[in-house]
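Chemist: Got a structure here, written out as structure tokens. Questions coming.
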Amino acid sequence: MIWTLVAVFAAVALFEFNAARQAYRKLNALNEYVQFLLFQPKVYKDHQEKFLLFVSQNRKKDVSDQAMASYQAIEQMVHALQDEILLANVKSRSEGQSK
């Protein structure tokens with residue numbers, strides 16, 4: 001009986017650890033995306049125009065659906081550009097320090 005409880009506790013702890021790690025990675029990626037947009041004003045303007053177009057195309061949905069769709073679109077952009085964003089941010093940070 002004790003071993004069953006220990007196994008269940010270990011499984012729950014492992015699940016929680018993985019969930020926290022995944023949430024941290026997502027938050028870190030979103031943070032890097034925001035920094036990327038601040039370092040790259042031309043890219044920011046392009047992404048802003050595309051996002052506003054996306055929002056205008058999804059106006060027929062209710063507000064909560066539109067908010068969720070917007071959040072998912074941003075997450076998909078971040079996931080697709082994650083490596084490029086990180087490299088560009090590192091380069092921009094090193095250029096800023098050398099000045």
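Chemist: Of all residues in segment 38-72, which are outside any helix (DSSP H, G or I) and surrounded by 10 or more Cβ atoms within 10 Å (Cβ to Cβ)? Step through it out loud before you land on a result.
Modeler: As a first pass, look at segment 38-72 and keep what is outside any helix (DSSP H, G or I): 40, 58-62.
Those that are outside any helix (DSSP H, G or I) and surrounded by 10 or more Cβ atoms within 10 Å (Cβ to Cβ): Gln40, Asn58, Lys61.
Chemist: Only one of Gln76, Gln35 is in a helix (DSSP H, G or I), in contact with a helix residue (DSSP H, G or I) (Cβ under 6 Å, 6 or more places away or on another chain) and at pLDDT below 90; which? Before you say what the answer is, go through the steps one by one.
Modeler: Numbers: Gln76 fails: in contact with a helix residue (DSSP H, G or I) (Cβ under 6 Å, 6 or more places away or on another chain).
Only one candidate qualifies: Gln35.
Chemist: Moving on to the next point. Please give the number of the condition Phe9 fails out of (1) out of contact with any Phe, Trp or Tyr (no Cβ under 7 Å at 6 or more places or on another chain); (2) under 27 Å from Leu87 (Cα atoms).
Modeler: Only one criterion in (1) out of contact with any Phe, Trp or Tyr (no Cβ under 7 Å at 6 or more places or on another chain); (2) under 27 Å from Leu87 (Cα atoms) is unmet by Phe9, namely (2).
Chemist: Hey, can you tell me all the residues within segment 1-29 that are in contact (Cβ under 8 Å) with a residue 40 or more places away in the chain and out of contact with any helix residue (DSSP H, G or I) (no Cβ under 6 Å at 6 or more places or on another chain)?
Modeler: Narrowing segment 1-29 to residues in contact (Cβ under 8 Å) with a residue 40 or more places away in the chain: 26, 29.
Answer for segment 1-29, where residues must be in contact (Cβ under 8 Å) with a residue 40 or more places away in the chain and out of contact with any helix residue (DSSP H, G or I) (no Cβ under 6 Å at 6 or more places or on another chain): just Lys26.
Chemist: Of the residues Gln57, Gln35, which single one is among the polar types (S, T, N, Q) and under 28 Å from Leu86 (Cα atoms)?
Modeler: Values: Gln57 fails: under 28 Å from Leu86 (Cα atoms).
Of the residues listed, the single one that is among the polar types (S, T, N, Q) and under 28 Å from Leu86 (Cα atoms) is Gln35.
The values are calculated or read from the model by the stated rules, or taken from the named source; none is laboratory data. All values reported here derive from a predicted model rather than from experimental measurement. Methodologically, a virtual Cβ is constructed for each residue, glycine included, from the backbone with ideal geometry; neighbour enumeration extends over all protein chains shown.
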